[in-house]
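Colleague: One structure follows; several queries about it will come next.
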Amino acid sequence: MTHPCIVTLDRDAAPRVLFHGDQLVEHSLPPGTRCIYPKPPLEPLKDVDAAIRYALTHPENSDPLYAKLRPGMRVTIAIDDISLPLPPMRRPDIRERVLTIVLDLLAQHGVDDVEIIIATGVHRKMKPAEVRWIVGDRIFDRYWPERLYNHDAEDAANMVEIGKTEHGEVVELNRRAMESDLVIYVNVNFVPMNGGHKSVAVGLAGVRSLRHHHNPATIRSTGSYMDPKNSELARRIARLGRVVNRHVDVFTIETTLNNRMFDRSLDFLARNEDELSSRERLLLRALVATTARLPQGARHAIFDKFPAPYGVTGVVAGETEAVHERTIQRANEQYMIPVKGQSDVLILPIPYISPYNVHAFLNPLLVQVLAQGYLFNFHRGAPLLKKGGTLIITHPCTDKFDHEQHACYAEFVHRLLPETRDALELEHRFEEKFSRDPAFIQMYRTGYAYHPIHPFYMWYWGENGRQHAGRVIVVGADNEYIPKLLGYETANSMEEALYRAKNGEARSLDVTLLRVPPIAMADVTP
């Protein structure tokens, strides 16, 4: 029996509306195309604050939080950064709600040596207004900036090596956290690869630790980022995280959200076009026409203007691994759709946003990481695409970079990719020197730029998709240079891309469209 989120197109099917970055474009897909749509949003919790309090007093494999507290102790709270959820959540953000309850509990037990660290890893620092949005006015005004601040992976005085794994992997973490009596991590588990040991062991790490798992060999050995049991990346991070948890008491708080990404005015974008009312179809056509006419900045503003009305679907607290197992189950309830069989062609619309361009343009390197990294990995079990199949993406691939956030990305794309696209060669020839560039390090430490090692990680992140797909064809590119630099072909239309996927052979193709956003993931059996 076909899952209700899977639609097979017939000859009379209406065109599908796909994201091309911040533009919406109609495409007529061939009969027989399998379209996978996101599940409807799960019902949110009726009383989120009550769920938080229950989780803190009934934790997984741990004493309740109140039982760990004593006057005079040192507590560090770490929280996820702006990279999730996408787009940012309507206030109050779930992190504010958890922090409010946790901070009140600490105060009741005489704990006043408290600092809150935004676990940025080597991401860009968050701006004050962005921090205020996440933690709320009361917490921001009380703690920023002395006791609420961004992690700095380059602050040598405040990084400490705490040990090594059984494989000799160095564990280097934020000093304040590691010298605390208790670390409380407040997580938003937006997709199954978030959370667990990744929260502390990556979010509060230095580059020495990150290199043990953010590398081409690890990514090539990973079946899917979204299936922790089939992820070499998750296994390596867990090894480091267990060392952390042996040295400091970590109390993990994880939350899950539904997939209500679009506000009421745009929520029809999340649904199958065949199910829309007459009014919604008119609105969709109007939006397609509007995004075709508007300049890029104005198009982006349409989607960037409104925070997402996500609903909280779960709160779990306690010991890291026990918590994360329950969290993954809840996340999969929202995202996973059973799918039978792989396809010769997988169509992936590339939207305007990723974890690494919040309030900025989606540059070409991030197009690559969405296509061959995240979206390709939106599966459990087998990939949706057959080995050697054709990946078709829709995006203009504009040669544009935000120079406040992504100056090092532009340098990587324009100076290093012309030398080689081979991830192992990039790692061995260029990573060390490039990642120590003093100008880029200064931009990371004192501004709002990504660390200069981050563009390498973005390229590596696409490695398993790059090794699996036979070719990538871009529909709607506004230039030839960038797709060629990324190793992609271009086509003027979806029809041309599908024709070229046949390689001149007179044969039919199994075609699948993963219609995102919002997020949908496939639980694939061959």
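Colleague: Mind telling me which of the residues Val524, Val511, Val472, Val516 ends up being touching a Phe, Trp or Tyr at 6+ places or on another chain (Cβ under 7 Å) and of a type in the set (Val, Ile, Thr)? If you could, list the steps in order and put the result at the bottom.
Modeller: On the way: Val524 fails: touching a Phe, Trp or Tyr at 6+ places or on another chain (Cβ under 7 Å); Val511 fails: touching a Phe, Trp or Tyr at 6+ places or on another chain (Cβ under 7 Å); Val516 fails: touching a Phe, Trp or Tyr at 6+ places or on another chain (Cβ under 7 Å).
Result: Val472 is the single residue among Val524, Val511, Val472, Val516 that is touching a Phe, Trp or Tyr at 6+ places or on another chain (Cβ under 7 Å) and of a type in the set (Val, Ile, Thr).
Colleague: May I pose another question? Here's a check for you: in region 183-199, which residue that is over 16 Å from Val312 (Cα atoms) and among the hydrophobic types (A, V, I, L, M, F, W, C) is farthest from the chain's Cα centre (by Cα)?
Modeller: So, considering only residues that are over 16 Å from Val312 (Cα atoms) and among the hydrophobic types (A, V, I, L, M, F, W, C), the one farthest from the chain's Cα centre (by Cα) is Val183.
Colleague: Does Ile302 satisfy the criteria of being in the same structural domain as Phe401 (by TED's automatic domain parsing), buried (at least 24 other Cβ atoms within 10 Å of the Cβ), closer than 29 Å to Gly21 by Cβ and among the aliphatic types (A, V, I, L, M)? Outline the logic, then answer.
Modeller: Values: in the same structural domain as Phe401 (by TED's automatic domain parsing): yes; buried (at least 24 other Cβ atoms within 10 Å of the Cβ): no; closer than 29 Å to Gly21 by Cβ: yes; among the aliphatic types (A, V, I, L, M): yes.
Judged against the criteria, Ile302 is not a match.
Colleague: Across region 253-277, which residue is farthest from Thr57 (Cα to Cα) among those that are part of a loop (DSSP other than H, G, I, E, B) and free of Cβ contacts under 8 Å to residues at least 12 places away in the same chain?
Modeller: Among those that are part of a loop (DSSP other than H, G, I, E, B) and free of Cβ contacts under 8 Å to residues at least 12 places away in the same chain, it is Ser277.
Colleague: Please enumerate the residues belonging to region 312-360 that are among the polar types (S, T, N, Q), more than 24 Å from Met89 (Cα to Cα) and part of a strand (DSSP E or B).
Modeller: Ser343 - this is the single residue of region 312-360 that is among the polar types (S, T, N, Q), more than 24 Å from Met89 (Cα to Cα) and part of a strand (DSSP E or B).
Colleague: When Tyr450 is evaluated against the numbered criteria (1) assigned to a loop (DSSP other than H, G, I, E, B); (2) touching a Phe, Trp or Tyr at 6+ places or on another chain (Cβ under 8 Å); (3) more than 20 Å from Tyr374 (Cα to Cα), which criterion, by number, is the only one it fails?
Modeller: Going through (1) assigned to a loop (DSSP other than H, G, I, E, B); (2) touching a Phe, Trp or Tyr at 6+ places or on another chain (Cβ under 8 Å); (3) more than 20 Å from Tyr374 (Cα to Cα) one by one, Tyr450 breaks only (3).
Colleague: Given Ile79, Ile94, which one is touching a helix residue (DSSP H, G or I) at 6+ places or on another chain (Cβ under 6 Å) and surrounded by 19 or more Cβ atoms within 10 Å (Cβ to Cβ)?
Modeller: Being touching a helix residue (DSSP H, G or I) at 6+ places or on another chain (Cβ under 6 Å) and surrounded by 19 or more Cβ atoms within 10 Å (Cβ to Cβ) holds for just one of Ile79, Ile94, which is Ile79.
Colleague: Confirm whether Pro295 is touching a strand residue (DSSP E or B) at 6+ places or on another chain (Cβ under 9 Å) and surrounded by fewer than 21 Cβ atoms within 10 Å (Cβ to Cβ).
Modeller: no
Colleague: Take region 361-401 and flag every residue that is part of a loop (DSSP other than H, G, I, E, B) and touching a Lys or Arg at 6+ places or on another chain (Cβ under 8 Å).
Modeller: Residues satisfying the conditions are Phe361, Asn363.
Colleague: If a residue has to be touching a residue at least 24 places away in the same chain (Cβ under 8 Å) and within 24 Å of Pro295 (Cβ to Cβ) to count, how many in region 456-489 make the cut?
Modeller: Of the residues in that region, 9 qualify.
Colleague: A follow-up question, please. Could you count how many residues in region 493-515 are of a type outside the set (Lys, Arg) and either outside any loop (DSSP other than H, G, I, E, B) or under 29 Å from the mean Cα position of the chain (by Cα) (or both)?
Modeller: 13
Colleague: Sort out for me the helices (runs of 4 or more DSSP H) sitting completely within region 77-185 that have 1 or more residues that are aromatic (Phe, Trp, Tyr).
Modeller: Answer list for region 77-185: 128-135, 137-143.
Colleague: Going through Gly373, Gly381, Gly389 one at a time, which residue ends up being in the same structural domain as Leu485 (by TED's automatic domain parsing), within 28 Å of Pro38 (Cβ to Cβ) and surrounded by fewer than 19 Cβ atoms within 10 Å (Cβ to Cβ)?
Modeller: Working: Gly373 fails: surrounded by fewer than 19 Cβ atoms within 10 Å (Cβ to Cβ); Gly389 fails: surrounded by fewer than 19 Cβ atoms within 10 Å (Cβ to Cβ).
Checking each option against the conditions leaves just Gly381.
Colleague: Given the condition at positive phi and modelled with pLDDT of 95 or more, answer yes or no: does some residue in region 34-57 qualify? Steps first, answer last, please.
Modeller: Of region 34-57, the ones at positive phi are none.
No.
Colleague: Quick check on region 427-455: of everything there that is touching a residue at least 60 places away in the same chain (Cβ under 8 Å) and touching a Pro at 6+ places or on another chain (Cβ under 8 Å), which residue is farthest from Pro128 (Cα to Cα)?
Modeller: It comes out as Glu427.
Colleague: Return the residue satisfying two criteria in turn: it lies in region 219-237 and is assigned to a helix (DSSP H, G or I) and without any contact (Cβ under 8 Å) to a residue 60 or more places away in the chain, and of such residues it is nearest to Tyr37 (Cα to Cα).
Modeller: Across region 219-237, the extreme among qualifying residues is Lys229.
The values are calculated or read from the model by the stated rules, or taken from the named source; none is laboratory data. All of these numbers come straight from a predicted model, not from anything done at the bench. Don't worry about glycine lacking a Cβ; one is built from the backbone with ideal geometry, like all the others, and counts go over all protein chains shown.
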